[in-house]
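Data first, discussion second: the structure below is written as structure tokens.
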Amino acid sequence: MHPILFQIGPFKLHSYGLMVFLGFAFGVWLGTVRARKVGIPPAKVMDLTMWILIGSMVGARLMYVLFHLDEFKGRLLDIISPIQSDGTIGIAGLVVLGGVIFAVPAAWWYLKKQNIPFLKMMDVMVPSLAFGMVIGRIGCTLNGCCFGLPTDLPWGITFPENCYAGSVFPHQSIHPTQIYTIIYCAVIGTILLLRSPHKRFEGELFYLFFLLYGPARYLNETVRYYRTSMILFHIGDYRMTISMLISITITIIAIILLYKGYRSARGRNVKG
């Protein structure tokens, strides 16, 4: 466990923040490589990534704050300030799905201004999203956040008590939900790259990502620990979290859009 890689005075280099940065860096590199193949200038990928970064950070932070308001009582400035009230530097507390939701309209706005087809660019960039999540969740593993519920399964992990996971479940084996995410996002990213040369319409890879990610994220949520503020309701032992609801929603939307896309592509082939 290495939530803080090193500290110089009040400055702390958090492993989570570093991995998020590396995830974006890798995503930019992969995006530029793929953009060249479809005739999109790599510089546009760099500019788009900045807007995606802004949108995703705002969305991820906003969703976290909305469901953890009690953490910020008496220190509301810590919501946006890079220098926290306790003197530490950096902002902790992000929700990945919130970032994805806000990144999409930010990307649409930029691409519309640049007259670049939105779905074409999203097909270019969506593998970067999948592999970026892989790297980001490595940071979660090092940080001891986004962890699971107790388990007797042989691959359960016991976290030290000096991290969030270990403080909630001290000396208990818990589901490594961070590693589950690393695995299924790596699989999704690989599927998207393999499908890319054979896609049948613009937006197919973009929709396919959400079709694959939604159910995987939903299943992961069933064994993930959440504070009460993130749980919408209980029915017996079943609980519905905000992330589960979003996962269901994006899956349904992806199914509809893929169906329409394949149907339209089939119609064009028949006419041809």
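The values are calculated or read from the model by the stated rules, or taken from the named source; none is laboratory data. All figures in this text were calculated on a predicted structure; none of them were measured in a lab. Using ideal geometry, Cβ is built from the backbone for each residue, glycine included, and neighbour counts are taken over all protein chains shown.
Working only within the stretch 210-242, note down all residues that are surrounded by fewer than 20 Cβ atoms within 10 Å (Cβ to Cβ) and touching a residue at least 60 places away in the same chain (Cβ under 8 Å).
Val223, Tyr225, Arg227, Ser229, Ile242
Got a sec? Which of Leu119, Leu129, Leu94, Leu111 is assigned to a loop (DSSP other than H, G, I, E, B) and either under 28 Å from Leu69 (Cα atoms) or of a type in the set (A, V, I, L, M) (or both)?
One residue alone meets the criteria, Leu94.
Only one of these is under 17 Å from the mean Cα position of the chain (by Cα), at negative phi and surrounded by fewer than 17 Cβ atoms within 10 Å (Cβ to Cβ): Thr181, Thr190. Name it. Before the answer, list the steps.
Numbers: Thr181 fails: surrounded by fewer than 17 Cβ atoms within 10 Å (Cβ to Cβ).
Among Thr181, Thr190, only Thr190 is under 17 Å from the mean Cα position of the chain (by Cα), at negative phi and surrounded by fewer than 17 Cβ atoms within 10 Å (Cβ to Cβ).
Check the stretch 196-209 and report whether any residue there is free of Cβ contacts under 8 Å to residues at least 40 places away in the same chain, under 17 Å from Ile138 (Cβ atoms) and more than 15 Å from the chain's Cα centre (by Cα).
For the stretch 196-209, residues free of Cβ contacts under 8 Å to residues at least 40 places away in the same chain, under 17 Å from Ile138 (Cβ atoms) and more than 15 Å from the chain's Cα centre (by Cα): absent.
Out of curiosity, is Arg195 part of a helix (DSSP H, G or I) and charged (D, E, K, R)?
yes
So for the stretch 229-252 (the condition being part of a loop (DSSP other than H, G, I, E, B) and within 24 Å of Val134 (Cβ to Cβ)), does at least one residue qualify?
Taking every residue of the stretch 229-252 in turn, none turns out to be part of a loop (DSSP other than H, G, I, E, B) and within 24 Å of Val134 (Cβ to Cβ).
If you check Phe6 against the conditions, is it aromatic (Phe, Trp, Tyr) and touching a residue at least 24 places away in the same chain (Cβ under 8 Å)?
no
Restricting to the stretch 106-125, give me the number of residues that are within 14 Å of Ala35 (Cβ to Cβ) and surrounded by fewer than 16 Cβ atoms within 10 Å (Cβ to Cβ).
So the count comes out to 2.
Being surrounded by 15 or more Cβ atoms within 10 Å (Cβ to Cβ), within 25 Å of Ile179 (Cβ to Cβ), modelled with pLDDT of 80 or more and charged (D, E, K, R), is that true of even one residue in the stretch 55-65?
Yes: the stretch 55-65 contains one or more residues that are surrounded by 15 or more Cβ atoms within 10 Å (Cβ to Cβ), within 25 Å of Ile179 (Cβ to Cβ), modelled with pLDDT of 80 or more and charged (D, E, K, R).
Looking only at residues in the stretch 136-178 that are of a type in the set (S, T, N, Q), part of a loop (DSSP other than H, G, I, E, B) and at pLDDT 90 or above, which one is surrounded by the fewest Cβ atoms within 10 Å (Cβ to Cβ)?
Filtering first and then ranking leaves Thr158.
Conditions first: (1) surrounded by 13 or more Cβ atoms within 10 Å (Cβ to Cβ); (2) part of a strand (DSSP E or B); (3) of a type outside the set (Ser, Thr, Tyr). Phe6 passes all but one, so which condition is the exception?
All conditions pass for Phe6, except number (1).
Yes/no matrix, rows are residues, columns are (1) of a type in the set (Gly, Ala, Ser); (2) touching a residue at least 60 places away in the same chain (Cβ under 8 Å):
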site: Lys112; (1), (2): no, no
site: Lys120; (1), (2): no, yes
site: Ile135; (1), (2): no, yes
site: Pro150; (1), (2): no, no
site: Leu153; (1), (2): no, no
site: Ser173; (1), (2): yes, no
site: Tyr180; (1), (2): no, no
